[in-house]
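FYI, it's all coordinate maths here, none of it is from the lab. Being a predicted model, the structure only gives us computed values, none of them experimental. So basically every Cβ, Gly included, is an ideal-geometry build from the backbone, and we count neighbours across all protein chains shown.
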Amino acid sequence: MDKTKFKNLIEILDKEIKAYSNLKELFAEKKEVLKSAKPDDLGVLDNKIIALNNAITKLNAARQTIAIEITGGDANMSRLIEAAQEFAPEYIDALTERKVKICNIIPEITLLNNQNVELLKHGIIISNKMLESIIDAFAPQGCNYNGAGKSDSHEYDMWTVNEEI
């Protein structure tokens, strides 16, 4: 077995870990943008996230290709470490270290992504409520009759609408 394959695998894993770290930073930044309600910044961040995701996909494909060359099939990190024990013991520690890094960063990214989804859902609810309030304020009001048979019309001024929102 060619030991340079393990070296190439470690280089790809390092690039992948760096990309995951950048993705984590972008998700954290997106969370702050969602909290501060700056939609212009959100589009820029989403484009960066999409571009980084495409790069991660390419790195993942390269890692899978090397894993197939090493193990004969698509393998997870544990299987790659087992192969290193057999063919390149000097790379066991490096592979184990990268496995731990990946295992630690993925839950953090997932948590940030889930928080961002919840913030987006909440933002949609707030936007819908604000829109309903504005529509209700400007919709034509029918006449309501009071107990004396006189019509009551409700006049809203914008200050009242702003206060309710």
- Message: Suppose each label sits 7 Å from its Cα in the direction of the beta carbon; what would the Ile125-Thr96 distance come out to in nanometres?
- Response: 4.7 nm
- Roughly what would the spin-label model give for Thr65 and Ala28, points 7 Å off Cα along C-beta, in nm? 3.3 nm
- Note on the structure: PRE zone check, label point 7 Å out along Cα-to-Cβ of Lys58, amide N under 19 Å, scope the stretch 1-22, hits 8-22
- Take peptides 77-90, 39-52 and line them up by average Cβ neighbours within 10 Å, highest first, as a rough protection proxy. 77-90, 39-52
- Item | Simple spin-label estimate for Thr4 and Ile134 in nanometres, 7 Å along Cα-Cβ | 6.3 nm
- Query: In the stretch 1-40, which residues have a backbone nitrogen under 20 Å from the label point lying 7 Å from Ile106's Cα in the Cα-to-Cβ direction?
  - Reply: 9-28
- Message: Rg over Rh of the stretch 3-97, using C-alpha atoms and the Kirkwood radius, what does it come to?
- Response: 1.15
- Message: Less than 13 Å Cβ to Cβ from Met1, Lys/Arg counted +1 and Asp/Glu -1: what total charge do the surrounding residues give?
- Response: -2
- Message: Please list, ordered by chain and number, the residues whose modelled amide H lies under 5 Å from the amide H of Ala88; skip anything fewer than 5 residues away on the same chain.
- Response: none
